[in-house]
Structures are given as structure tokens and as C-alpha cells.
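Colleague: Have a look at the structure that comes next, please.
The values are calculated or read from the model by the stated rules, or taken from the named source; none is laboratory data. Computed from a prediction, not measured in an experiment: that's the story for all the values here. Glycine also receives a Cβ, built like all others from the backbone with ideal geometry; neighbour counts cover every protein chain displayed.
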Amino acid sequence: PEPTPLMPALTGSFSSPAGDNPTGAMVEAAYAHHGMLARYVNCDVPPGALEAAVRGAGAMGWIGFNLSLPHKQTVIPLLDRLAPSAELIGAVNCVVSGPDGLTGHNTDGQGFVEALRERVDPRGRRFTVLGAGGAARAICVEIALAGAASVTVVNRTLDRAEEVARVVREHTSTEAAARAWQGAYAVDAGTEVVVNATSIGLVPADGSRVAVVPETITAGMLVCDVIPNPPDTSFLREARERGAETLDGRAMLVNQAAVNVRLWTGLDPDRAVMHAALDAAIDETSS
Ligand code: NDP
């Protein structure tokens, strides 16, 4: 049925824990700003309850939903098909419900690329990506699909970096190499964009650092971080001290939420409104 004020279109998120997830605040701000008859409900769904939650969303006619930890891979067998990039990434964070069933997308890497495009066109650029977990894999696949010239994947556990580099090499025309991360990593001089896609910096007090040889970060590089909170990580501050430009993790988060809204409703929402809602949500969780 067409949404009405008394029966809005329904979207939301399934994750656990869910309490600090700011995507709902951004999406609801976009819905309100554009006068859309839609709502977003942030749900704490424990691991064993995902299938029931997905069926429930279907029964209630939800138009789509997000998945976050721990459901990004376990949701896949519950879907009817995957978008090509979600297939390569092997994880789904956004599901669209249509007449032909449930389609799984991965909007994390797409959010990163849309944020990046506000600063540089990834086409033809040389990247170094630190990390080889879910966020790194999504970023590597999407920058490659966006035409990056090369990506060097650097990870403490070399096997995971090799796997990401293999996927990029086998499925895109981007050159990809894996490097082990032991001690401080010296970024290749030809690198134009450096991305911290590890979880280091998420908990500033835990003492771990993004170990990079400081002199290898140079003016003219764009240095990015996936950590949205706190947004100004020590990795980014140190990069600015070296003269580099920086892009913080809020941009990726805002843009993945904007891509979700576009996939569900067809509307390309106002990023500034969503960014303001994210900042307010971060202030709330930090205070
Ligand atoms: P994963 O657990 O899948 O991967 C974590 C990565 O960090 C691995 O590469 C891991 O290396 C590395 N790592 C963790 N601790 C250390 C350390 N002490 N030294 C060196 N490497 C380390 O996590 P995700 O990829 O899902 O998430 C990573 C971060 O990205 C999280 O902080 C998450 O909040 C953020 N994120 C941000 C998004 C945004 O929109 N801004 C979207 C999605 C995620 P190893 O393989 O060796 O263990």
C-alpha cells in the first residue's frame, strides 16, 4: 500500500548491541526534512533472532532495513539475491524489499566512495588501505569498481590482506598488493590516498596506534579514517601536522546512510541535514 501519515513506510536496523547506532538519527532527519512518509526503527536483534526479525519485517511490509554487527554475513542466506558489489565484499549492510524479494547491498564502501568524491575522484588514483576487515574490504572493492589505479592492502594478519587483494585483482582492473603490518608501516611514495580502515582509534584510551612512519605521510596526500567517533582521531591530526589533507569517518557514515535512503525510496537526501543529525547523536553518546 502507498504510505500515508497514519501508515508510513517502515525501515530500520537489526544489530546487537544497537544502542549507539546513529544511522537511525540521520535517516529520520532526512525523512523529516524531505517530508517523507517513512520511519526508521533501530532494533536490538540478538544473533539467534535474525531470521525471525527478517520474516517479521516481511510480514509488516518494511521497504528495507540495515544490518550491523553481528548480522552482516549471516543475513545472506535469508536473501533472494545480492547486488554485484555485495557479492564481492561478502557482506550485506542494507536490504531492499521489492516485488521480486529481498536484495542485499553493501553501502559502507559506496558511502566511502561518495564521501571521497566530494574531495577527489578515485579514478586513476593510488591507494593504501590499512586493515583488511569488513570495512577495509568494502572500501577496497568499491574504490576498485570506481576505477582506482592501485590499492596496497596492509594488515597485521597478512592472510586477510592477501584475500582482499585477490578479490580486487580477480574481479576488477585495479592493481592490488598485500603487505604485512609489522611495526611502523612506510607508506609508498606514490600513494595519493591513505585510509585507516582498522578499528584502531575507536577507543582512544586503549593505547593502540595506527603505526605508520610519520615521514611517509606527505603534503598532497589525502588521509582518511573510518572511525566516526571521535571524528578527529590522532591518526588524522598527525597527518595534518605533516601537511596532508584529511577526511574523517563521519563522511563515510553519512554517505552510507544517504545511499540507504536512496535505495529504499529513490530520493537522494540532503547530506548536510544528515551530517547535523549525526553530530547531535555523537554529542549525545559522548556526553
Ligand atoms: P573488523 O573486525 O572486520 O576488522 C578490524 C580490522 O582492524 C582488521 O584489519 C584488524 O586486523 C585491524 N586491527 C584491529 N586492531 C588492531 C591493532 N591493534 N593493530 C593492527 N590492526 C588492528 O572490523 P570492521 O572492518 O567491521 O570495522 C573497522 C572499523 O570501521 C570499526 O571501528 C568500525 O566502527 C568502522 N566502520 C566505520 C564505518 C563508517 O561508515 N564510518 C562503516 C563500517 C565500519 P587483523 O585482521 O590483523 O585482526
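Colleague: Hey, among G61, G109, G98, which residue is closer than 27 Å to P46 by Cα and within 16 Å of the ligand (Cβ to nearest atom)?
Modeller: Numbers: G61 fails: within 16 Å of the ligand (Cβ to nearest atom); G98 fails: within 16 Å of the ligand (Cβ to nearest atom).
On inspection, the qualifying residue turns out to be G109.
For every residue, the table says whether it meets (1) of a type in the set (K, R); (2) surrounded by fewer than 21 Cβ atoms within 10 Å (Cβ to Cβ); (3) in contact (Cβ under 8 Å) with a residue 60 or more places away in the chain; (4) in contact with a helix residue (DSSP H, G or I) (Cβ under 8 Å, 6 or more places away or on another chain).
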| position | (1), (2), (3), (4) |
| --- | --- |
| E2 | no, yes, no, no |
| L10 | no, yes, no, yes |
| S13 | no, no, no, yes |
| S16 | no, yes, no, yes |
| G19 | no, yes, no, no |
| C43 | no, yes, no, yes |
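Colleague: Sticking with this structure for a sec: Please go through the stretch 159-202 and pick out each residue that is closer than 30 Å to R237 by Cβ and among the charged types (D, E, K, R).
Modeller: Those that are closer than 30 Å to R237 by Cβ and among the charged types (D, E, K, R): R160, R179, D188, E192.
Colleague: Inspect the stretch 111-121 for any residue being acidic (D, E), under 22 Å from T198 (Cα atoms), surrounded by fewer than 23 Cβ atoms within 10 Å (Cβ to Cβ) and at pLDDT 95 or above and give the result as yes or no.
Modeller: Yes.
Colleague: Identify all residues within the stretch 77-95 that are within 15 Å of the ligand (Cβ to nearest atom), β-branched (V, I, T) and under 22 Å from Y40 (Cα atoms); write none if there are none. Before the answer, list the steps.
Modeller: Here is the first cut: in the stretch 77-95, the residues within 15 Å of the ligand (Cβ to nearest atom) are 85-86, 89-94.
Subset that is β-branched (V, I, T): 89, 92.
Within the stretch 77-95, just V92 meets the criteria.
Colleague: May I ask you to list pairs of residues, at least six apart or on different chains, whose Cβ atoms are under 6 Å apart, with the first in the stretch 92-105 being farther than 14 Å from A59 by Cα and the second being away from the ligand (no atom under 16 Å from the Cβ) and of a type in the set (A, V, I, L, M)?
Modeller: Listed pairs, sorted by first residue: V95/L102; T103/V96; G104/L79; G104/L82; G104/V95; H105/A83.
Colleague: What number goes with the only condition from (1) under 20 Å from M252 (Cα atoms); (2) part of a strand (DSSP E or B); (3) not charged (D, E, K, R) that A177 does not pass?
Modeller: In the conditions (1) under 20 Å from M252 (Cα atoms); (2) part of a strand (DSSP E or B); (3) not charged (D, E, K, R), A177 misses (1) alone.
Colleague: Go through the stretch 129-153 and give me each residue that's more than 8 Å from the ligand (Cβ to nearest atom) and surrounded by 24 or more Cβ atoms within 10 Å (Cβ to Cβ). Reasoning before the result, please.
Modeller: First pass over the stretch 129-153, keeping only residues more than 8 Å from the ligand (Cβ to nearest atom): 129, 139-153.
Across the stretch 129-153, the qualifying residues are V129, I139, C140, V141, E142, I143, A144, A148, V151, V153.
Colleague: Is the stretch 217-226 home to any residue that is outside any strand (DSSP E or B) and near the ligand (Cβ under 9 Å from one of its atoms)? It would help to see each step written out before you state the result.
Modeller: Within the stretch 217-226, the subset outside any strand (DSSP E or B) is 217-221, 226.
Then keep just the ones that are near the ligand (Cβ under 9 Å from one of its atoms); that gives 226.
Yes: one or more hits.
Colleague: Can you pull out every residue in the stretch 246-269 that is within 13 Å of the ligand (Cβ to nearest atom) and without any contact (Cβ under 8 Å) to a residue 40 or more places away in the chain?
Modeller: In the first step, residues of the stretch 246-269 are kept if they are within 13 Å of the ligand (Cβ to nearest atom); the result is 247-260.
Scanning the stretch 246-269 gives D248, G249, R250.
Colleague: Something else: Quick check on E163: is it farther than 21 Å from P122 by Cα, in a helix (DSSP H, G or I) and away from the ligand (no atom under 14 Å from the Cβ)?
Modeller: Working: farther than 21 Å from P122 by Cα: yes; in a helix (DSSP H, G or I): yes; away from the ligand (no atom under 14 Å from the Cβ): no.
It is false that E163 is farther than 21 Å from P122 by Cα, in a helix (DSSP H, G or I) and away from the ligand (no atom under 14 Å from the Cβ).
Colleague: Can you name the number of the only condition in (1) assigned to a helix (DSSP H, G or I); (2) more than 23 Å from Y40 (Cβ to Cβ) that D232 fails?
Modeller: It fails just one condition, (1).
Colleague: Test V41 against the stated conditions and say whether it is modelled with pLDDT of 95 or more and touching a Phe, Trp or Tyr at 6+ places or on another chain (Cβ under 7 Å). Please lay out each step first, then the result.
Modeller: Values: modelled with pLDDT of 95 or more: yes; touching a Phe, Trp or Tyr at 6+ places or on another chain (Cβ under 7 Å): no.
So V41 fails the test.
Colleague: Now for a separate question. Criterion first (away from the ligand (no atom under 11 Å from the Cβ) and either acidic (D, E) or surrounded by fewer than 19 Cβ atoms within 10 Å (Cβ to Cβ) (or both)) does A281 satisfy it?
Modeller: On the way: away from the ligand (no atom under 11 Å from the Cβ): yes; either acidic (D, E) or surrounded by fewer than 19 Cβ atoms within 10 Å (Cβ to Cβ) (or both): no.
When the stated conditions are applied, A281 does not pass them.
Colleague: Looking at the stretch 154-183 only, could you name the residues that are within 18 Å of V210 (Cα to Cα), surrounded by fewer than 18 Cβ atoms within 10 Å (Cβ to Cβ) and at pLDDT 95 or above?
Modeller: So in the stretch 154-183, the residues within 18 Å of V210 (Cα to Cα) come out as 154-158, 160-161, 178-183.
Those still in the list that are surrounded by fewer than 18 Cβ atoms within 10 Å (Cβ to Cβ) too: 156-158, 160, 180, 182-183.
Selection gives R156, T157, L158, R160, A180.
Colleague: Can I ask one more? Can you confirm whether G243 is within 16 Å of the ligand (Cβ to nearest atom) and either basic (K, R) or over 24 Å from V113 (Cβ atoms) (or both)?
Modeller: Details: within 16 Å of the ligand (Cβ to nearest atom): no; either basic (K, R) or over 24 Å from V113 (Cβ atoms) (or both): yes.
No: the conditions fail for G243.
Colleague: OK, next. Can you give me the number of residues within the stretch 186-212 that are more than 10 Å from the ligand (Cβ to nearest atom), free of Cβ contacts under 8 Å to residues at least 60 places away in the same chain and touching a strand residue (DSSP E or B) at 6+ places or on another chain (Cβ under 7 Å)?
Modeller: 1
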